[in-house]
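Any read-out appearing in this document is the output of simple, stated calculations on the displayed coordinates, not a laboratory observation. Bear in mind that the values here come from a model prediction, so they are computed numbers and not experimental data. Reconstructed Cβ throughout: ideal geometry from the backbone, glycine too, with neighbour counts over all protein chains shown.
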Amino acid sequence: MRRERFDEFAASATTRLWRAAYLLVGDYHLAEDLTQDVLARVYVAWPRINGDPYGYAYRAMANAAANQRRWTSRHPEVPLSSGTREAVIPDAADAVVAHAELIAVLGQLPARQRAVVVLRYFLDLTETDTADALNVSVGTVKSQHARAVGHLRDLLGEDLAALDDGALALPSQEGSSP
Amino acid sequence: MTLDLRQEMHAATAELNPSSDLVARAQQDGRRRLRLRRQWTLGATVAAVALVAFSAANLDSMRANHPERFAPSTATASAIAPPAAVLQAVAEAKTEGTVSGPVEWVRTTSQKVAALSHDGPGSPDIPIYAVHLSGHFVLNSAFVPPGGKIPTGTELVVFIPVASTDQGGDGVLLNDGPIDLSPYGEVHTFQP
């Protein structure tokens, strides 16, 4: 019973979690490690998770990404050669290049602002759920969100138009998420 | 000019997918962590049983050599005797390092200490003991990612469920800073 229910959760959540991890850490392999760690944590905690396993996974993801970021900043890696990432995922190379700017810009945000942006916009969490996942207050989420948007505007600058489909402005109000 | 950040992030990752064996690896990792946790618990139980057996074996000789220590006391007990589960946790902790100074413990609930123990949001609220030890601890049994360091610290808090259930409530917190258990219940102290 335990195994089947976890399998269902993992089958439906893994890709989404991995993509969120990729946006958080900006690296294919780190995202794999992060997602594996999060899924293993959920697996161990599965009998204790009475509510929404996604909420548990998002919180674990946010914590693991913050730890990863701290670890990476203390132990910077020297790449063996340029273009390694594209070489190991050739099918996705075009997509990586096309959206490299967005990934690079996200990478320049401080860890918590980046987490707020990914949780709010990619995972579509409300401010309350984002605050719960990051173990901070809703006010902190709002302030970090405002700073993140400001940073993004500064970083993207003229390129806003290049990325813009003209669909909608950055939402900041509670309940604006689906 | 506005930026549809949501759409851009989905588009940036739409063509990217994790390895096909990621879930299988995660399950394998999860099973390994569960196995380590069971081994840790089993080892601690064996150590506790050995400690109790050793104490019982030496009780008679101690009673003969120091009869004054076993005379009925007229003083009122000033502290609650630690439960067996707390003593067991201390025995477990001694396998992970050295314990110095008195041991503090409180009877509380898993939700009350959730912020301290970093427990997940779905945990049921069950009665637990929180046992705080000072000394030097090296969590050799902890999961460490490749290249990571084995956690060490000077303050160890062990969380154990009061009743033996499979509802969780167990955990370990390792820290270098001071830890105050008083917000979580009445703190009792004893010398290990």
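Want the number for A:Asn50 to A:Asn135: 0.36 nm per residue separation, take away the alpha-carbon distance, what's left?
Contour length minus the Cα-Cα distance gives 28.7 nm.
Among B:His10, B:His188, what is the fewest-to-most ranking by other Cβ atoms within 10 Å?
Sorted ascending by nearby Cβ count, the order is B:His10, B:His188.
Using the basic label-point model (7 angstrom from Cα toward the beta carbon), what is the B:Asp125 to B:Ile150 distance in nanometres?
Calculated label separation equals 3.9 nm.
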